[in-house]
Each structure stands twice: as C-alpha cells, then as structure tokens.
1. Of all the C-alpha pairs in the stretch B:100-242, what % are more than 25 Å from each other?
2. Report the antiparallel proportion of the DSSP beta bridges in chain B as a percent, rounded to a multiple of 5.
3. Please compute the modelled spin-label separation between A:E223 and A:R98, points set 7 Å along Cα→Cβ, answer in nm with one decimal.
4. Based on the inverse mean of 1/r over its pairs of different Cα atoms, what is the Kirkwood hydrodynamic radius of the protein assembly as shown, in Å?
5. Taking a label point 7 Å from the Cα of A:V199 along the Cα→Cβ vector, which residues of the stretch A:57-80 have an amide N closer than 17 Å to it?
6. Just subtract the alpha-carbon distance of A:R176 and A:D190 from 0.36 nm times their residue separation and send over the number in nm, one decimal.
7. Which FRET efficiency value, to the nearest 0.05, do you get for B:E220 and A:K61 by plugging their Cβ-Cβ distance into 1/(1 + (r/R0)^6) with R0 = 41 Å?
8. List, in the order given, every pair from A:K154/B:K28; A:K61/A:K154; A:K224/B:K33; A:K154/B:K217; A:K154/B:K33; A:K178/B:K28 whose Cα-Cα distance in the structure shown is over 27 Å.
Amino acid sequence: MLHVQNRELVVPGQLLAEGGYVIRQGAFREGSRIYSSVVGLADLHGQEIRVIPLQGRYIPKRGDVVIGVVIDTHYSGWILDLNSPYVGNLFVSDLLRRKVDLMREDISKYLDVGDVLVAQVKDVDELMRVQLEAGEPGLGRVEGGKLVEISPAKIPRVIGRKGSMLNTLQSVSGCRLKVGQNGRVMIWGDDQRMVNAVVEALLMIEREAHTSGLTDRVRAMLEKLKSEGGE
Amino acid sequence: MEKPERLIVDGKRLDGRAPDELRPLRIKAGVLKRADGSAYVELGRNKILAAVYGPREMHPRHLQQPDTAVLRCRYNMAPFSVEERKRPGPDRRSVEISKVAREALEPVVFLELYPRAAIDVFIEVLQADAGTRTTGITAAAVALADAGIPMRDLVAAVAVGKVDGTIVLDLTSEEDQWGTTDMPVAIMPRKKLITLLQMDGHFTGEEFRQALSLAFKGCEQIYEAQKQALRERYSVKREEGE
C-alpha cells in the first residue's frame, strides 16, 4: 500500500509504503514498512520505489563517468579528486590499456598534477576505495574547455530524459559538453560568449532543477543570448 | 535581574504562556550558501544556527573509521550570546554539550554508508535564553537533512522542568535559574525513542513520568515544524520557477 503520491516531496522518516516494494534509492525498510531517508521527490514505478535526492555529495558508483582532477602521482599511477568524500585511483595500465614496464618507462609524461580527465569508475570496494579507468574512446585527459562544478544531485537534470536537456544545450549553443556524474561539466566551444551562456544555463538548471518545463526555458534563454549577437 | 516573587501567577508563566506551551518557534532550512546543509532556529529569544559539512574526507587520517563515517559535533556559544560576555572558545560546558548533541544525532544518521568519511556539525548559539542544547539539536537535525545525508528520522528536542512546583515545558532562562528542575530531552519522534536525557534538580517518579510525557508532546510540535521547514525550502523555489 502506498502512502505518498508520485513526485511528492518527502522528508527523512516519512512513511512511503507498506508491503513488498523494491527499494532503488533514498529509502529504507523496517519490517514491511518503507520510509524515506532523504529529502527528495518520491518516484514510484510499478513495484519500484525511489526517492530522488535534492541535495548531497557525489558517492562513486561502478560504471559512472566522472570528471576528475589529478591531485597526486605515485610510481604506478595517479590519485584524482572526484568532488566527493572519496578520491579515485587510476593506474597507468588503466589509462593506456597496455602493460607498462615501470622500470623502463617514466609515467609522468602521461599525466601531471592539475590535469583534468574524464574517467569511468571501474570498481568501488566496500571500503569505498575507487578504481578508475580512462582508456576507452571518449575517456582520458581533456584539453582546453571550461570546467564547471554544480551540485551532483542536479546532474540527472542536466542530462534530461533520454539526454534531451544535454542535446538542447549542445545544439542551441554549438558547444560540446561532457557531463560527469560527480557534478562536473566540461564545455568546449569556439564562441566564448556561448560557452559563458552554457555556464549560465547550467547554473539555472541547478537553481530550478525540481521545476517542470525546464528544458524549454533553458532553450529560450540560450536562444535569446545567441540572437543578441556579438556586441 | 532579581528573582521574581513567583514564577507562575494564576496558572500563567512570566511570559504569559501556559505550563504546557512552547515559546514561538521558527525554523528555516538552507540559510548558508557555502555549507552542505544548514538551518536557523528561533525558539523564543534563542537564536541558533546549525551548519553541516560532508560527508567529506576525514582529517586527521588516524581518526578515520574503516567501516563507517564519523559524526563530529561542535556546540559553540558566541561571546555576545549571553548577558555577561562569554569568554570565547570551548569550555567544560560546551565540550559536554558537543558530546551529548553528537550522541543525540548519531542514531538517526546512516553513518555506515560512508566508510572513512566525516560529517561535521556546527551548532552556533547567537543568542541564548535557556534550552540551547535542545534547540541546537533541533537545528542540527534539520541541517543534516538539508545536506542530503540519509537519516532514519529527524531528532526533535525540548526541555521540561519544575518551576514553583508545576511541571512546565520549554523553560526560559528565568525559569531555569530559579526553578527547581531542568530536564532536556531529545527524541526520534517516529519511533518515540529517546536519544538525549539529562536532568538537573530532582523529580519524584510521578513527576518524572509526567514531565517526560510533556516533553514528548513538545517534541511532536517541534517535529512538525522541522518537517514543514524542510518542505518549505523546496516548495518556495518551485513557485519561483513557474
């Protein structure tokens, strides 16, 4: 039996449902009762219950694409800041996708402290030690562009349903975007004015993430900025 | 201020409240921009700000727990929060309150989800008028929820006491100073579990039971206000967007 409506705003400890529902996220079970554990929107999908959080830090999960900043190097790899309580570990072999003889090769030529890269979370163990990989196409060190940080809880909104928001952002502005689940977004564009417009749009999405019709408003805002010309 | 002759006149207290009445309560969530979560609470003349940071990497590293996060709590009174300037910095009293506040909040937080991390809670008393530890816990619980930290429930807290032989809810500083008993109580309202219980003074067994049930009633009202504050934080923004 359900005690909340779909998309209802819930608070920690609020009774969501009773019975054999499957908990996806943001809730916990006590006996047959299911309670919310965070402030968020209840998302009911058949037998699945989820609370979409409105706040919170990024917690690494296997398979996530993240944008990290190298904060340290060691003899076989690098340590990356992930805008999270937990740092990421990247080994040379997971960057180059080949065996590396550390006795012969100096790995410092591949990455340096301060470099930004797109990586995928390969594994997270029970002690929250994070292993990254960055060898696949589309991953790896990034050059140029602008790095923006927003709240990780708002990232699903930046992507939108089936990527709709992301498509809008890219097609209207003419910029290329790379979105990390950890709340970081890279923007590349030839027109600096449109890059800044995308930054504004991202901040707008962050502010108004839980409102409806957001994609249309973002499109309108970007088109307005675009038509205002280069003055 | 001198001791008034009577603290309760015709069943009304000095500020005109009934014995089972709370002071005016106002809670606002999300007041600090740079904190992960925050809350501001006014209870009568108490003004308290709570800020939550984290979960974040634990420093110093040797305090990390490999299987769970660590909740750290700091209760601090501003030098200007009381009539006579308080010497700034932690003292015996605030170290104790930091500890009991931490223990009052720990049972609701899913700490085991964040091994090796730390969650920092700061309770800053800007203006004090008795009951700052309970009001601080009330504020901290809202701030924790505002930070998006998974919790089993909120924590609501209030003090009860005995003044002029009457059991009263939510003591003011005059009632605290000249009353016979002061008992702060914090509860997890959903399951009605007590997470903080202290007592200064004495009650008979019957008085204690009566006081405790009064505290539960007070906490219930505070709990509703806490939930309301969390909901308001987001519904206000929703209207703006449309």
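1. Values: 3316 of 10153 pairs.
Of the Cα pairs, 33 percent sit more than 25 Å apart.
2. Working: 41 of 49 bridges.
About 85 percent, rounded to the nearest 5.
3. 4.9
4. Details: mean 1/r = 0.0403 Å⁻¹.
Computed over the protein assembly as shown, the radius equals 24.8 Å.
5. Backbone N within reach: none found.
6. Details: separation 14, 0.36 × 14 = 5.04 nm, distance 0.96 nm.
Working it through step by step, the gained length comes to 4.1 nm.
7. On the way: r = 38 Å, r/R0 = 0.92.
It comes to 0.65.
8. Values: A:K154/B:K28 22 Å; A:K61/A:K154 16 Å; A:K224/B:K33 29 Å; A:K154/B:K217 38 Å; A:K154/B:K33 16 Å; A:K178/B:K28 36 Å.
Distance filter (> 27 Å) returns A:K224/B:K33; A:K154/B:K217; A:K178/B:K28.
The values are calculated or read from the model by the stated rules, or taken from the named source; none is laboratory data. Please read all numbers here as calculations on a predicted model, not as lab measurements. Virtual Cβ from ideal backbone geometry, glycine too; neighbours counted across all protein chains shown. What goes into the accessible areas is simple: the full protein's heavy atoms, side chains included, and nothing from ligands, DNA or RNA. Shrake-Rupley method; radii C 1.70, N 1.55, O 1.52, S 1.80 Å.
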